[in-house]
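Q: Got a structure for you, questions after.
Laboratory data are not the source of any read-out in this text; all were calculated from the coordinates shown. Predicted model, so just to flag it, every value in this text is computed and none were measured. Cβ coordinates were reconstructed from backbone atoms using ideal geometry, including for glycine residues, and neighbour counts include every protein chain displayed.
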Amino acid sequence: MKRFGFICLFITTCSLFSLAQVVPDTTHINIGDKTIIVIDASPTANPATPGPGVSEPPVKPDNEIKSELTHFAGIDLGFSQLVDENGSLTRDSATSWLSINNSKSLSWRFNLLEKKFRIYHDYVGIYTGFAIAYNSYGFARNSDVVVDKDGAGVSAVEVIDDNRNYNKNKLRTTILQVPLMLEFNSRNDIKKNFHFALGAIGGWVTSTITKQKWENETGKYTARRKEDFLVSPYTIDFSARIGYKKSALFFTYGLTPLFEKNQGQSVYPITFGIQLTQF
């Protein structure tokens, strides 16, 4: 009998040990003086797959993530200004005709293409692209732009005519641009991402016009002239952009003067504004 009891005890102990190895998790439910033990029959089973009609969150393609974290393509709206070699916005008597009407000096840039080369995931990269910029400089003075290619270069003459007081008087340039920017992102997730970019934008001036509007007792008038106005045909701008998610502020400073060397006053274009939307 002792041997039989020892064998029963050994078998019971082994069974409990085996159950403890396979079933590490149990739940005890007490009802009155009764206890119900719930045992997990498959603790090592894989998690259940979603049932019909339940889908897992989609994983974005790599190219889509890369595009979301490149912040150039879109539409920029800003204000244009002119500064002299000392960085001053004010004009002296010789350059007073270049005084700017801030409310009528707007810049539109359509950033149509972008291409980024990753350096460290999407945290650091270099991007380039293609843009078309329209920079308008609204003159505060009632003057006409004069071009003397064989002498003084570009200047202006004051219009003293009560019948021709301009309510719009601007010089507008159209520029094809290619940026080269070093961009930083704080995250790999657009939802909480701060971004910053620094670099240069090269440009080719394809068109320069002056446009004037006025009205008097005899009607409304518009004058439009298309010349080169001795504007520098090629431009290089320092550029910086900073933003959060899909919005950004930008600033550009012209490293090349508005007019060709020795053909006019040495003033440099600057623009600053906001990106209205990203593509």
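Q: Please work out whether the range 170-279 counts as rounded, prolate or oblate from its C-alpha gyration tensor, where a ≥ b ≥ c are the square roots of the eigenvalues and a/c under 1.5 means rounded, while otherwise a/b larger than b/c means prolate and anything else oblate? Provide the component values of the computation, followed by the final result.
A: Working: a/c = 3.35, a/b = 1.75, b/c = 1.91.
It comes out oblate by the Cα gyration axes.
Q: Once phi is turned into ³J(HN,Hα) by the Karplus curve 6.51 cos²θ - 1.76 cosθ + 1.60 with θ = phi - 60°, what whole-Hz value does each residue of the range 163-176 show in order, with x for glycine and proline?
A: Here the 3J(HN,Hα) series is 8, 9, 9, 6, 9, 9, 8, 9, 10, 10, 10, 10, 10, 8 Hz.
Q: Same structure, new question: What FRET efficiency do you get for W108 and R164 if R0 is 30 Å and r is their Cβ-Cβ distance, rounded to the nearest 0.05?
A: 0.60
Q: In the range 227-271, whose amide N lies under 18 Å from the spot 7 Å out along Cα-to-Cβ of L176? List them in ranges.
A: 228, 232-237
Q: How big is the range 116-183 by the Kirkwood estimate over distinct Cα pairs, in Å?
A: 16.0 Å
Q: Can you give me the relative contact order of the range 137-256 as a percent, contacts being Cα pairs under 8 Å and 6 or more apart?
A: 23 percent
Q: What residue among T210, V124, N165 has its Cα farthest toward the positive end of the dipole of the range 74-278, where the charges are +1 on Lys, Arg and -1 on Asp, Glu, each on the Cβ?
A: Final value for the positive-end residue is V124.
Q: Order of L82, L176 from fewest to most other C-beta atoms within 10 Å? Spell out each step's value before the answer.
A: Values: L82 21, L176 14.
Least to most surrounded, the residues fall as L176, L82.
Q: Hull surface divided by four, with the convex hull built on the Cα atoms of the range 74-278: how many nm²?
A: Values: hull surface 51.4 nm².
Computed as one quarter of the Cα hull surface, the answer is 12.8 nm².
Q: Using a cut-off of under 19 Å, list every residue of the range 188-208 whose amide N is near the label point 7 Å from the Cα of L255 along the Cα-to-beta-carbon line.
A: Backbone N within reach: 197-205.
Q: Determine ³J(HN,Hα), in whole Hz, for all residues of the range 77-87 in sequence, where each value follows from phi through the Karplus function 6.51 cos²θ - 1.76 cosθ + 1.60 and θ = phi - 60°; x replaces Gly and Pro.
A: 10, x, 10, 9, 9, 10, 10, 8, 5, 8, x
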